[in-house]
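A short worksheet on the structure shown next.
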Amino acid sequence: MRYSRPALAAAVLIGATAVAIGGSIGTASAASRSLALTSLADMVVDGTHDRLFISDQTAGTILATDYEGNELGRFTDLPGVRGLALSDDSNTLYAAVYGSRAIVTFSTSTLTETKRLPLGDAVHPGDVTVAGGRLWFGYDANTDYIDGNFGSVEESTGTVHLHQLETNEFYHNPPSMHSTPAAPGVLILGEEGISSGKAKAYDVSGGDEVRTATGAVHGTDNWDFAFSPDGTQLIRLGGGVWTAPISDLAFTQNLPDYLGTTLDVAADGRLALAGDTVQVYEPGSSTPEWTVDLPSGPARNGLVWEPGADRLFAVTQYWDGRVTEFNLHSITEPAPSPSPSVSTSTPVKGYPAVTVTAPQYAVAFKPLTVTGRITLVPAGTELTVSRIEPGSPTGSAGTTVGTVKTAADGSFSLADTPGVAGDTTYTVSHAAGEYAAASGSAQVTVYLPTPSLTLSPKNGSVYNYGTTITITAKLGATYSNRVVEIWADPWDSQPNKLLKKAAVDSKGNLSTTLKLTRNTDILAKFAGDARNNARVDSIVAYTRVTIATKVSGHVKTKKIGANKYYVFKNSAKRSRNFDVTMTRHPSRMFRVTLQQYSGGKWKTVQAQLMPADNDGSTRLFLSGKWKAGAKLRMRPDYIKRTYGENNNYPTNGTWVYLTFIK
C-alpha cells in the first residue's frame with residue numbers, strides 16, 4: 001500500500017492489552033476539512049512538497065491536497081485506481097490502475113501525469129511499491145478469486161516481468177506490496193481483508209525475486225502491514241497487533257484485543273492505530289500515550305504520519321443519510337504541559353485563578369477527565385464542577401457533576417461521563433470565603449459514538465453475469481437497536497431494492513443473497529439509537545456481461561496450432577456472418593476488433609464501436625476478398641466508454657479465428 005512506511009520497533013508492545021482512555025494521559029487536537037471523495041483506496045503523504053495524495057477507486061481519480069485538506073489538483077481517467085507509492089525522492093507518484101491494467105506515474109511537483117506503463121491484457125494491478133530499483137505490483141487476472149500474483153516493470157523501458165508463486169500457492173486477490181528504504185532489497189507480499197492469509201518475504205536486491213520466508217496469518221482478517229524503522233521487523237494489524245522478524249515471518253501477538261483496520265508508524269517508532277479511535281503508542285509502551293476521538297472512525301488506509309512525525313493525518317468516513325462524507329483531520333500531539341482550552345478567570349494579585357483543561361473531543365457515554373489548577377488556596381480546598389450541555393436552560397449554571405479537593409500544588413481532577421452530544425462546557429468554581437471567588441471553564445465537543453459496520457464480500461470484486469453472491473453486514477456494539485438494512489442499487493434505471501431488514505445475530509452478522517446482472521452498489525444501513533449515530537457502509541460488486549459469437553457461412557473448421565479456425569471461401573459473394581449475443585440493455589454498444597496475422601504477429605486491421613440490438617443479438621459480416629491461407633481473428637468486447645451506458649464491467653469476448661481457401 002504505502003511505500004516508505006517505517007513501523008514499530010521489535011521491543012514495542014510486549015504482551016499487553018491496549019485500553020482506550022481518551023485524554024487520561026494526553027489528548028490530541030485535530031483540525032478538520034471536508035474532502036470531495038466518493039471512496040478511499042489508499043493515501044500517501046509527500047513530505048517534500050507538503051502534499052497528500054488519496055486514490056478514489058469508485059470515481060477513478062486521485063485527489064491531491066495540501067496538509068490542511070485544500071484541493072490542489074485531481075488526476076482523472078484512472079478506472080479502479082487502488083494502491084499508491086512514492087519514489088525515493090518523492091518526485092514521482094505511482095498508482096496501480098486496476099481497470100486500465102497499468103501503472104501510471106505522476107509528477108508530484110507539477111501535478112501532471114507523466115507516463116502509463118501497460119502491464120498486459122490480463123494483468124489488473126491492485127498495489128505498487130518500489131524495491132531493488134524496480135516497480136513491483138500485485139495483480140490478478142480478473143478471472144476468479146484465487147488468481148492473485150505479482151510482477152515488476154522497468155520504468156525506463158516499460159518491460160514487464162510476471163513472476164510466479166510457487167506450485168499450489170495463490171493469493172485470493174492482488175497481494176499488497178510493501179517495502180522500505182531501510183531494507184531496499186526486501187519485498188513483502190501481504191494478503192489483506194481476509195482471514196487465513198499469508199505474508200511472503202523476497203530478496204529483490206538482484207532484480208529478480210528470491211523467496212526468503214513465508215508466514216501464516218491465520219484466524220482473523222488482516223488489515224495492514226508495515227516495517228520497523230530498521231527494516232528487520234514486519235508488523236501486521238488484524239485481530240490485534242502482531243510482530244515478526246523479516247528473516248522468518250513467525251508472528252507474535254502483542255495487542256490481542258485491538259480491533260482496528262489501519263496502522264502507521266513514525267520514523268521515531270511511534271505506532272498509530274485507527275479503529276473507533278486513533279491511538280498513539282510511544283516506543284516500548286504497551287498502553288496508548290494519547291488518543292483522539294473523531295466524529296467517526298477513520299477509513300481503512302486513511303491514516304498516515306507526516307514525515308518527521310510532527311502530525312498525523314486521518315480521513316474519516318461518515319454517512320449523512322444521503323451520501324458518504326469524507327473529512328481530513330490533521331492531528332497534532334498534546335503539548336507536554338497541557339494549556340487550558342478556555343479560562344474565564346484573570347489572575348489578580350491576591351485572588352485565586354483557575355485554569356481548566358478538558359479533551360477537545362469526547363464520545364458520549366464514555367468517561368472523560370477534567371483537570372486543572374487553582375492558585376493561592378491551600379490543599380484540600382473544595383471546588384465545584386458543573387456541566388452546561390445542549391438542552392440546559394438558557395442562562396443556567398448547568399448541572400453540578402461533583403466536587404473535587406485540591407492537591408498540595410493546587411491541582412485537581414474529576415472524571416465525568418457526558419450523555420448528550422454537542423458543545424459542552426465544564427466549569428470549575430471556587431466559592432467566596434477566606435479567598436475570593438474564582439472559576440474557569442473548558443469546552444468539549446461531544447459526539448455520539450458511531451458503531452462499526454462493515455460489508456462483505458470485498459469492495460470492487462468482479463463477478464460473472466448471473467452469479468449469486470452472499471452479502472454479510474457486520475454491526476459492532478450498540479446500545480439498543482440491533483437492526484440492519486441491506487440494500488442493492490443497480491447501475492441502471494432499476495430502483496433501489498431492500499434485500500433484507502432484520503436484527504443481526506449474536507455475532508453481529510446479517511446475511512442475504514443477491515443475483516447480479518449489473519454493477520451494483522450494496523449498502524448496509526444502521527439507523528442509530530439513543531446512544532449511537534446512524535452508520536452506513538457501502539461496496540460495489542462489478543458484474544461482467546455474457547458475450548458469445550456464432551459463426552456461419554464457413555465451409556468447414558480445422559485446427560491450426562492450438563486454435564480452431566473457421567474456413568471460408570475467398571469469394572466476396574459468399575456470406576461470412578458473425579452473430580454476437582450480449583447481455584441486453586438499451587443503448588448498449590460494443591467494440592469489434594479485427595486482426596490479421598502478418599510478420600509473425602497479430603496486427604489490428606480494424607477496431608470500431610458497434611451498436612447492440614435491443615434483444616442482445618447483432619449480426620456482423622466480413623466483406624472483401626482475402627488471399628488463400630490468410631489468417632484473421634475477430635473479438636467483440638464490452639468496454640468502458642466516456643458516454644452512453646456503463647452499467648456492467650468491461651468484458652472481453654473470445655477470439656474467433658478464420659482462414660480462407662480458393
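What follows is calculated from the coordinates using simple rules that are stated; it is not laboratory data. Remember, predicted model here, so these are calculated numbers, not experimental data. Every residue, glycine among them, receives a Cβ derived from its backbone with ideal geometry; neighbour counts consider all protein chains shown.
Data table
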item	result
Percentage relative contact order, the range 71-156, counting C-alpha pairs under 8 Å, at least six apart	21
For the range 562-652, with +1 on Lys and Arg beta carbons and -1 on Asp and Glu, the positive-most of 639, 581, 626 along the dipole	626
Peptides ranked, highest mean first, by Cβ atoms within 10 Å: ranges 32-41, 273-282	273-282, 32-41
The range 547-661, relative contact order in percent, only Cα pairs under 8 angstrom and at least six apart counted	31
Bins of 20 Å from zero: percent of alpha-carbon pairs in the chain	17, 43, 27, 10, 3, 0
Sequence ranges 73-79, 407-413, ranked by mean other-Cβ count within 10 angstrom, highest first	73-79, 407-413
For residue 72, distant residues with modelled amide H under 5 Å away	64, 65, 66
Protection proxy ranking, peptides 324-330, 504-510, average beta carbon neighbours within 10 Å, highest first	324-330, 504-510
Cβ-defined net charge surrounding residue 593, 10 Å radius [Lys, Arg +1; Asp, Glu -1]	+2
Sorted by Cβ neighbour density within 10 Å, fewest at the top, the residues 491, 136	491, 136
Cα-centred dipole magnitude for the range 598-658, charges only on beta-carbon of K, R (+1) and D, E (-1), debye, nearest 20	540
Long-range HN-HN contacts of residue 126 with modeled amide H, under 5 Å	138, 139, 140
Local electrostatic count at residue 584 - Lys and Arg +1, Asp and Glu -1, tallied over other residues with Cβ under 12 Å	-2
Whole-angstrom gap from the range 63-118 to the range 265-297, using each part's C-alpha centre	28
Simple label model, 7 Å out from Cα along Cβ direction - residue 420 to residue 551, nm	7.8
Anisotropy class of the range 394-440 from Cα gyration tensor, a/c 1.5 cut	oblate
Cα-based shape type of the range 453-543, given that a ≥ b ≥ c are square roots of the gyration tensor eigenvalues and the cut on a/c is 1.5	prolate
HN-Hα J in Hz across the range 479-490 - Karplus 6.51, -1.76, 1.60, θ = phi - 60°, x for Gly and Pro	7, 9, 7, 10, 8, 10, 10, 10, 10, 10, 10, x
Backbone HN-Hα couplings from phi across the range 170-177 [Karplus 6.51/-1.76/1.60, Hz, Gly and Pro as x]	7, 10, 5, 9, x, x, 6, 10
Whether the range 510-567 is rounded, prolate or oblate, judged on the alpha carbon gyration tensor where a/c under 1.5 counts as rounded	prolate
Estimated distance in nm for a label pair at residue 598 and residue 164, the labels positioned 7 Å out from Cα along Cα-to-Cβ	3.4
The chain - charge dipole about Cα centre, Lys and Arg +1 at Cβ, Asp and Glu -1, debye rounded to 20	4680
Net length gained if the chain between residue 253 and residue 403 were fully extended (0.36 nm per residue, minus Cα distance)	49.8 nm
Stretch gain in nm, segment residue 48-residue 351, where the contour uses 0.36 nm per residue and the Cα spacing is subtracted	104.0 nm
Residue 560-residue 443 pseudo-label distance in nm [points 7 Å out on the Cα-to-Cβ vector]	8.0
Residue (of 596, 117, 152) at the positive-pole extreme of the chain, dipole from beta-carbon charges	596
Given charges at Cβ of Lys, Arg, Asp, Glu: the range 354-447 dipole, positive-most of 426, 392, 362	362
Over the chain, relative contact order from alpha-carbon pairs under 8 Å, at least 6 apart, %	9
For residue 372, net neighbour charge (Lys/Arg +1, Asp/Glu -1) across residues whose Cβ lies under 15 Å away	0
